[in-house]
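What follows is a single structure, written as structure tokens, with notes after it.
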Amino acid sequence: ERMPTIAVAGTHGKTSTTACLFSVFQSADRDPSMIVGGEVVQIQAGWHQGTGTEFLVEACEFDKAFLDLKPKAAIITNVDLDHPEIYKDLESVRHTFREFLANLEDGSWVVCPVEVKEALKVDDRLRWRTFGVENNADLQLKESDSVAGSSKVLWRWTDGREFTATLHVPGAHTRSNASAVVAMSEVLNLSFEDIARGLESYRGVCRRFEKREVLPGIEWIEDYAHHPEEVRATVETAREVYPNQRIHALFQPHQATRLSAFRKGFAEELSRADQVTLLPIFSVREELDQFPRDLVDQLAAAIRQMGKECQVTDFENAVSELPKHLQSGDVLISIGAGNVYQVGNLVRENQRSQVTP
């Protein structure tokens, strides 16, 4: 008999949502097994072999890998176009998500945002729970009060029941992922007490708004964002946690395919920062000579058109240049899914060699 699988699918937030759900299950003493595509801070790993019966799995649409799963319940965090090399448009992404849902047995629970349920237009053989800030969500995120990276959140169900919990991982996207977790936990009959305790003890995922010690006086954050929506979430989270500080974005584009498909979106979201530094494209599985050589320069020009300072550099020069653009109290967000995080390591080592003991 296979373990009952709870799959977490969606374009963004899969790893974090699975990790958050894992935290709630642990608080309920269910000790599930789990596998995600990142490293969960609480267990310092991307997988856990539990003694419980459930299996929590991050279900990825890349290469349509998630069609191999036959889950008993599913969360869909959102549906966006993220892999332009595989999907030609949003409708073809939705089509694949419909195929994924076809693998669920009749009567299985699906938790997703209101607009995803509407967009997928799937029949009533499944049981749906929607979440979101909209009034027509089955579970509505009513309010949240954020102070220094923690937020107190209030949710309300359509039958009037209310639930509050404190989250110690910042950002609107974190609150959205937590809404999915609350909705799923409730349909699986976990107690409100366990859900609240699990949310409270959730600590996030490595390289998702992860603070690092790099330069004195600088808040240095590593984030894996590699899609305009994720960049937006990262910059907005920085604004939420550091409302009065200057924000510098160091961005390494991931894939030329993606940069050319989403250039306008990247320019808009990066220009939410006060200043931007761009690194060369981190490229895998693609023929670079099929793309214009000045893709990064085009992105820089678009950011400057939006009135923001933007420099283009490479790894070596970033190490010596970046500190010149930063002053004490600044926030640097190092953004990208490639090896951009190594810049922080190099800056820290470089700075050590300059500081005389």
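Once phi is turned into θ = phi - 60°, what whole-Hz ³J(HN,Hα) does the Karplus curve with 6.51, -1.76 and 1.60 give for every residue of the stretch 274-286, x standing for Gly and Pro?
Whole-Hz 3J(HN,Hα) from phi for the stretch 274-286: 7, 8, 10, 10, 10, 9, x, 5, 8, 10, 9, 6, 8.
Using the heavy atoms of the protein chains alone and a 1.4 angstrom probe, what is the accessible area of the chain per residue in square angstrom? Spell out each step's value before the answer.
Values: 16090 Å² over 357 residues.
Result: 45 Å² of accessible area for each residue.
What is the set of long-range amide H partners of residue 277 at a cut-off below 5 Å, with H atoms built 1.01 Å from backbone N?
249, 250, 251, 311
At 0.890 mPa s and 25 °C, plugging the Kirkwood radius over alpha-carbon pairs of the stretch 1-63 into Stokes-Einstein gives what diffusion coefficient in µm²/s? All intermediate terms of the calculation are to be shown ahead of the outcome.
Details: Rh = 11.6 Å.
Value of D from the Cα-based Kirkwood radius: 211 µm²/s.
How much of the calculated P(r) for the stretch 162-206 lies past 15 Å, in percent of all Cα pairs? Write down the numbers at each step before the final one.
Details: 370 of 990 pairs.
Roughly 37 percent, once rounded to a whole number.
At 10 °C and 1.306 mPa s, what whole-number value in µm²/s does Stokes-Einstein give for the translational diffusion of the stretch 197-276, with Rh from the Kirkwood sum over Cα pairs? Mind dumping the intermediate values first?
Working: Rh = 13.8 Å.
For these conditions, the coefficient is 115 µm²/s.
Which ³J(HN,Hα) values in Hz, rounded to whole numbers, follow from the phi angles of the stretch 318-329 under the Karplus curve 6.51 cos²θ - 1.76 cosθ + 1.60, where θ = phi - 60° and Gly and Pro get x?
Calculated HN-Hα couplings, in order: 4, 4, 8, 7, 3, x, 5, 8, 10, 10, 3, x Hz.
For the chain, what % of the accessible area comes from carbon and sulfur atoms, probe 1.4 Å?
Roughly 47 percent of what the probe reaches on the chain is carbon or sulfur.
Amide H of residue 330 versus every other amide H placed in the peptide plane: which residues, excluding those fewer than 5 positions away on the same chain, fall under 5 Å?
The list, which skips near neighbours in sequence, is 219.
Using only the Cα atoms of the stretch 264-357, what semi-axes does the equivalent ellipsoid have when each is the square root of 5 times a gyration tensor eigenvalue? Give whole Å, largest first.
On the way: eigenvalues 128, 65, 22 Å².
Result for the stretch 264-357: semi-axes of 25, 18, 11 Å.
Kirkwood hydrodynamic radius (Cα pairs, Å) of the stretch 1-132? Numbers along the way, then the final one.
Numbers: mean 1/r = 0.0664 Å⁻¹.
Roughly 15.1 Å, rounded to one decimal.
Name the lysines eligible as straight-distance cross-link partners of residue 121: C-alpha to C-alpha under 23 Å, and not fewer than 8 places from it in the same chain.
14, 64, 70, 72, 88
Kirkwood Rh and Cα-based Rg: tell me the resulting Rg over Rh for the stretch 223-270, rounded to two decimals.
On the way: Rg = 11.2 Å, Rh = 11.2 Å.
Reported Rg/Rh, Kirkwood definition of Rh: 1.00.
Translational diffusion coefficient, Stokes-Einstein: compute it for the chain using the Kirkwood radius over C-alpha pairs as Rh, at 10 °C and 1.306 mPa s, and state it as an integer in µm² s⁻¹.
Working: Rh = 21.3 Å.
My calculation gives 75 µm²/s for D.
Over the Cα atoms of the stretch 77-235, Rg to Rh with Kirkwood Rh, two decimal places?
The Rg/Rh ratio comes out at 1.00.
Among 254, 95, 173, which one shows the biggest mean-square fluctuation in a GNM of the chain, springs joining Cα atoms closer than 10 Å?
Largest GNM mean-square fluctuation: 95.
Tell me, what HN-Hα J-couplings in whole Hz come from the Karplus equation 6.51 cos²θ - 1.76 cosθ + 1.60 at θ = phi - 60° for each residue of the stretch 146-156, using x for Gly and Pro?
My calculation for the stretch 146-156 gives 9, 9, 6, x, 10, 9, 9, 10, 10, 10, 9 Hz in order.
Check which residues have an amide H placed less than 5 Å from residue 128's amide H, if you skip close sequence neighbours.
It is 110, by chain and number.
The values are calculated or read from the model by the stated rules, or taken from the named source; none is laboratory data. Since we're looking at a predicted model, the values are computed, not measured. Ligands, DNA and RNA are excluded from the accessible area calculation, which covers all protein heavy atoms including side chains. Shrake-Rupley method; radii C 1.70, N 1.55, O 1.52, S 1.80 Å.
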